[in-house]
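Read-outs: derived from the displayed coordinates by stated rules, not from any lab. Since we're looking at a predicted model, the values are computed, not measured.
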Amino acid sequence: MKVQYLDEYKNSTDSKYKLCIAAAKRARELGEYLSAQKNMERISVIKPLVDVESHDPLEIAFNEIKEQKVTFEKSKKESV
């Protein structure tokens, strides 16, 4: 995996922790997609939104976030 620098993601997110959570969630989705594609199964996950040579879901997720193809919003929890 290519070394990623946090400076490249300043426009994408305001916190490195949010960046890690967003990348992990998207990488999990991409992992399911790539696994299903390998097994020739149908799945309702969006395919990778960027063209990269890597088949590593985490690297693809970071590239999608860097190019601002994927955004994540914090869900609002109801307070009791």
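Summary of values
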read-out: For T13, residues with placed amide H under 5 Å, excluding near neighbours; value: none
read-out: Size descriptor, Kirkwood hydrodynamic radius, that averages inverse alpha-carbon separations across the chain, Å; value: 13.6
read-out: Calculated from backbone phi, Karplus (6.51, -1.76, 1.60) coupling profile of the stretch 16-30 in Hz, x at Gly/Pro; value: 5, 6, 5, 4, 5, 5, 4, 5, 5, 5, 5, 5, 5, 5, 5
read-out: Filter on K47/K76; K38/K69; K16/K66 - keep pairs with C-alpha separation over 21 Å; value: K47/K76; K38/K69
